[in-house]
Amino acid sequence: MTLLTKYILITVLILFNALCIKGNGSDVEDNFSESQSIDINKYLKMLSPEEFKQNGQYGLWFIFFGSNASVKSETFTYMWLEIQNQADKENITSNINLGMVECTRYYVFCKENNIEYFPTLLLFNNGKREDELKDYENSDDVLDFIRNKIEVFSKNRQKEKVEEIVEEIGKEKAEEKVEEKVE
């Protein structure tokens with residue numbers, strides 16, 4: 001008898017939940033989502049393979065590879081918009097380019113970059129893949145990653161320039177000494 005009572009109770013609870021889910025609120029939510037939905041893609045900096053081939057060879061690029069077919073990617077898209085907006089406010093985009101690649105549209109480009117899951121966040125330097133951000137919880141984590149990479153690459157560029165100048169100065173002094181000895 002207790003088994004039958006449990007079965008009836010579970011059946012009643014399931015039916016009650018089903019009725020609540022199909023209740024009056026679902027019609028309102030369906031109408032709201034259809035009439036009030038926003039096309040977030042028009043606010044994103046989308047990147048095509050052609051644009052990357054033309055411009056990606058120069059400087060730092062941080063790219064979000066996503067897919068409209070992935071729930072995780074679609075959810076991350078809102079965070080990406082927040083990241084873009086904050087990067088623009090902080091003028092981070094003067095040091096690094098941000099873009100999103102839609103992999104359902106540019107499948108071959110994503111395959112060339114070995115994209116296996118969505119979202120994938122990759123850092124490129126002068127067209128070459130440098131790093132991937134995997135562990136993040138929010139937009140601040142992503143922005144901190146970007147800021148740190150900008151700092152590292154800026155220091156490396158300064159170091160390279162100093163080395164070039166030192167090398168040039170060294171060559172000039174060596175050439176002066178050779179000229180002195182020849183005279």
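The values are calculated or read from the model by the stated rules, or taken from the named source; none is laboratory data. Keep in mind the model is a prediction, meaning the values are calculated, not measured. So basically every Cβ, Gly included, is an ideal-geometry build from the backbone, and we count neighbours across all protein chains shown. Accessible surface is based on the protein model in full, side chains and every heavy atom, while ligands, DNA and RNA are left aside. Shrake-Rupley method; radii C 1.70, N 1.55, O 1.52, S 1.80 Å.
Here are a few things to note about the model shown:
- Residue match in segment 133-143 (condition: among the basic types (Lys, Arg), closer than 14 Å to residue 63 by Cα and either at pLDDT 95 or above or assigned to a loop (DSSP other than H, G, I, E, B) (or both)): yes
- The criterion of being farther than 22 Å from residue 39 by Cβ and at pLDDT 95 or above holds for residue 62.
- Restricting segment 55-79 to residues that are touching a residue at least 60 places away in the same chain (Cβ under 8 Å) and not aliphatic (A, V, I, L, M), the residue that is most open to solvent (accessible area, probe 1.4 Å) is 58.
- For first residues located in segment 141-166 and of a type in the set (Lys, Arg), partners that are open to solvent by less than 100 Å² (accessible area, probe 1.4 Å) and lie 6+ apart or on another chain with Cβ distances below 6 Å form the pairs 149/123.
- Per this entry, residue 148 is not counted among residues that are within 16 Å of the chain's Cα centre (by Cα) and assigned to a loop (DSSP other than H, G, I, E, B).
- Residue among 138, 125, 95, 113 that is under 25 Å from residue 42 (Cβ atoms), over 13 Å from the mean Cα position of the chain (by Cα) and in contact (Cβ under 8 Å) with a residue 12 or more places away in the chain: 113
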